[in-house]
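Chemist: For reference, the structure I am asking about is given below.
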Amino acid sequence: MPLIEIENVHLAYSSLPVLSGVQLAIGEGEFVCLLGETGCGKSSLLRLLLGAERPSSGKVLIAGEARPRPDRARGYVPQKYSLFPDKTVLDNITFGAEVSEFSFFGRITPRFRERRIQLREEALEYIRRIGLRQEDSAKYPHQLSGGMQQRVAIAQALMTNPRILLMDEAFSALDPATRREMQRLLRDLWSATGTTIIFVTHNTQEALSMGTRIVVLAKEPPHLGSRVMLDLPVPEPCAEEEIPRLVRKVESASQRGKLAAIPA
């Protein structure tokens, strides 16, 4: 059974269609890059997978079940950093796990204090794995660069050991050098953890360098919602001479809705 099943999903906001009949199955441990023109519904599809929205019709199943609310099985890294400005790096990383495991009153028990020590040890290990130093754990977000903040956001999402990690253009605000560094880091973390990753991006080269599979959404005709225009496995290793052909194929699929809107 696939880990994620999207069955004939339609989504509309008022009378505006966003997704029309999306069909997709994603297996455990895949690294899927989701591409498409601005406004094609990539982020909306990610929110459906997170459980933050519900489809107008159709089903979104996680491990065979409808899960209409966010849970620990699904980590989420948004485009804009989701760090608490008044918490240190260490507290930001442990916060989600603490809240999900203990109620307000549960945090005054000896068990919470014991578990908190364990969580902070795990967080320090993540800090090391994402390439930060132990002394960075005591810093606040405003003391970190953009790339460092994004590393912390990834550690924050991974701290609950999610089966699925959803990332919405998480590297788009980074400079090119930092972005390449973060791409390598995420790929290494994926190889080490086996987490299923759905990564939204506009960058075809980024998708080819990171993903095991590329899914392109586009509107055709343009007045309808988007559907899957291309579902492409990425060969591994990807031969350098194959890259231009794959780029053309992906970008052609992304452009189909735009071209359909141009009068003949």
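Chemist: Being of a type in the set (G, A, S) and buried (at least 23 other Cβ atoms within 10 Å of the Cβ) is the filter here; which residues of the stretch 8-40 pass it?
Modeler: The one that is of a type in the set (G, A, S) and buried (at least 23 other Cβ atoms within 10 Å of the Cβ): G36.
Chemist: From the residues in the stretch 234-250 that are closer than 19 Å to E30 by Cα and touching a Ser or Thr at 6+ places or on another chain (Cβ under 7 Å), which one is surrounded by the most Cβ atoms within 10 Å (Cβ to Cβ)?
Modeler: Selected residue: V250.
Chemist: Being within 29 Å of L124 (Cα to Cα) and not acidic (D, E) is true for just one of P68, P78, P17. Which residue is that?
Modeler: On the way: P68 fails: within 29 Å of L124 (Cα to Cα); P17 fails: within 29 Å of L124 (Cα to Cα).
Among P68, P78, P17, only P78 is within 29 Å of L124 (Cα to Cα) and not acidic (D, E).
Chemist: Within the stretch 90-108, can one find any residue that is touching a residue at least 60 places away in the same chain (Cβ under 8 Å), of a type in the set (V, I, T) and not assigned by TED's automatic domain parsing to the domain that holds R184?
Modeler: yes
Chemist: Same structure again: Can you tell me which residue is farthest from S57 (Cα to Cα) among those in the stretch 197-229 that are in contact with a Lys or Arg (Cβ under 6 Å, 6 or more places away or on another chain) and not hydrophobic (A, V, I, L, M, F, W, C)?
Modeler: E220
Chemist: Name the one entry in S56, S44 that is under 14 Å from the mean Cα position of the chain (by Cα), farther than 29 Å from L144 by Cβ and in the same structural domain as A253 (by TED's automatic domain parsing).
Modeler: S44
Chemist: Scanning for something free of Cβ contacts under 8 Å to residues at least 40 places away in the same chain, in contact with a Leu (Cβ under 9 Å, 6 or more places away or on another chain) and of a type outside the set (V, I, T), does the stretch 28-49 turn up at least one residue? Quick ask: steps written out before the conclusion?
Modeler: Pass one, the stretch 28-49, residues free of Cβ contacts under 8 Å to residues at least 40 places away in the same chain: 39, 44, 47.
Okay, now just the ones that are also in contact with a Leu (Cβ under 9 Å, 6 or more places away or on another chain), so 44, 47.
Filter once more, so that each one left must be of a type outside the set (V, I, T): 44, 47.
Yes; the residues of the stretch 28-49 include at least one that is free of Cβ contacts under 8 Å to residues at least 40 places away in the same chain, in contact with a Leu (Cβ under 9 Å, 6 or more places away or on another chain) and of a type outside the set (V, I, T).
Chemist: Also: Mind checking whether some residue in the stretch 104-112 is of a type outside the set (A, V, I, L, M, F, W, C), within 30 Å of E5 (Cβ to Cβ) and surrounded by 12 or more Cβ atoms within 10 Å (Cβ to Cβ)? Talk me through it step by step, then tell me what you get.
Modeler: So in the stretch 104-112, the residues of a type outside the set (A, V, I, L, M, F, W, C) come out as 106-107, 109-111.
Remaining after also requiring within 30 Å of E5 (Cβ to Cβ): none.
Within the stretch 104-112, none of the residues are of a type outside the set (A, V, I, L, M, F, W, C), within 30 Å of E5 (Cβ to Cβ) and surrounded by 12 or more Cβ atoms within 10 Å (Cβ to Cβ).
Chemist: Oh, and also: Looking at (1) within 24 Å of R47 (Cα to Cα); (2) surrounded by 19 or more Cβ atoms within 10 Å (Cβ to Cβ), which one does V89 not meet, given that it meets all the others?
Modeler: (1)
Chemist: Give the stretch 59-86 a look and list any residue that's within 17 Å of S100 (Cβ to Cβ), part of a loop (DSSP other than H, G, I, E, B), in contact (Cβ under 8 Å) with a residue 24 or more places away in the chain and within 17 Å of the chain's Cα centre (by Cα), or say none.
Modeler: Result: R72, A73, S82.
The values are calculated or read from the model by the stated rules, or taken from the named source; none is laboratory data. Computed from a predicted model, the values in this text were never measured in an experiment. Every residue, glycine as well, gets a Cβ built from its backbone with ideal geometry; the counts of neighbours run over all protein chains shown.
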